[in-house]
Amino acid sequence: MFAALYADGRLLDSDGETESVTVELNSDGDTAWRCRACGEDVTETAEGYATETDELVCWAYEPPADALPGPDFGDGPHDPERIPLSWCNAAGISVDPCADSVTVSLSVGDPRGAFTFTLSRIADDAPGDLAGRIVLHVPYPGEPLPHMPLAAVRPGTYLVGGQIGAQSRPTAARCAA
Ligand SMILES: [Zn+2]
């Protein structure tokens with residue numbers, strides 16, 4: 001096997017035998033929120049959203065034009081927004097010539113683990129009808145020791161973590177074609 005390694009479409013130096021590639025995200029911590037006004041990373045506290053230095057007051061705060069009497073410019077709370085991809089720890093691909101398999105892994109919970117999606121070819125001399133065939137293994141609801149619990153929304157779409165309530169059943173994803 002000869003493996004070429006590309007990043008953003010550019011060929012990277014490799015020994016031609018690369019068997020695993022990982023993109024790590026959020027290696028600087030697990031901040032999930034950022035202030036729209038001042039741009040600082042913020043975390044939720046009992047008193048409100050605070051910066052790393054426990055600052056609850058946003059220097060860039062601007063009262064809304066139609067505001068009732070409230071905090072003045074630079075004296076209000078941070079305006080938190082979710083940081084894109086802050087829910088993902090890492091994404092990786094590994095190939096295993098011995099197992100004749102390719103595995104894609106995506107970590108969204110405990111960074112030591114990941115959801116894995118594996119395509120493998122069953123050995124030609126294996127017993128049964130699947131000998132020589134390619135099979136796909138995917139995470140599923142009720143899986144023992146899951147990376148995160150899954151609940152089926154519809155075939156092929158799962159809610160990650162928690163249960164689906166009758167009213168909170170998700171609609172199509174924002175970017176769905
Ligand atoms: Zn702010």
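Treating only the Cβ atoms of Lys and Arg (+1) and Asp and Glu (-1) as charged, compute the dipole magnitude of segment 87-138 about its Cα centre; round to the nearest 20 debye.
Dipole size: approximately 220 debye.
Set Lys and Arg Cβ to +1 and Asp and Glu Cβ to -1, take the dipole of the chain about its Cα centre, and tell me which of V104, A60, A46 lies farthest positive.
Farthest towards the positive end: V104.
Cα-based Rg (one decimal) and Dmax (whole number) for segment 9-112, in Å?
When restricted to Cα atoms, segment 9-112 yields Rg and Dmax of 21.0, 69 Å.
Quickly work out the S20-to-C38 label distance, labels modelled 7 Å from Cα along the C-beta direction, and quote it in nm with one decimal.
Here the modelled spin labels are 4.1 nm apart.
Along the charge dipole of segment 75-162, Cβ charges K/R +1 and D/E -1, which of H78, A123, N89 sits furthest on the positive end?
A123
Is there a quick way to get the dipole size of the chain? I mean about its Cα centre, with the Cβ of Lys and Arg at +1 and of Asp and Glu at -1; what is the value in debye to the nearest 20?
1040 debye
Using the scaling law 2.2 N^0.38 Å as the reference, what is the normalised Cα Rg of the chain?
That works out to 1.45 for the chain.
Please report S14, S105 as a ranked list, fewest other C-beta atoms within 10 angstrom at the top and most at the bottom.
Taking fewest neighbouring Cβ atoms as first place, the list is S14, S105.
Between D66 and A90, what is 0.36 nm times their sequence separation minus the Cα-Cα distance? Round to one decimal in nm.
Here the segment from D66 to A90 would lengthen by 4.4 nm.
If you rank D41, D66, D75 by fewest surrounding Cβ atoms within 10 Å, what's the result?
D66, D75, D41
Quick one: if you stick a label point 7 Å off each Cα along the C-beta vector at T53 and V160, how many nm between them?
3.4 nm
Any read-out appearing in this document is the output of simple, stated calculations on the displayed coordinates, not a laboratory observation. These numbers come from a predicted model, not from an experiment. Virtual Cβ from ideal backbone geometry, glycine too; neighbours counted across all protein chains shown.
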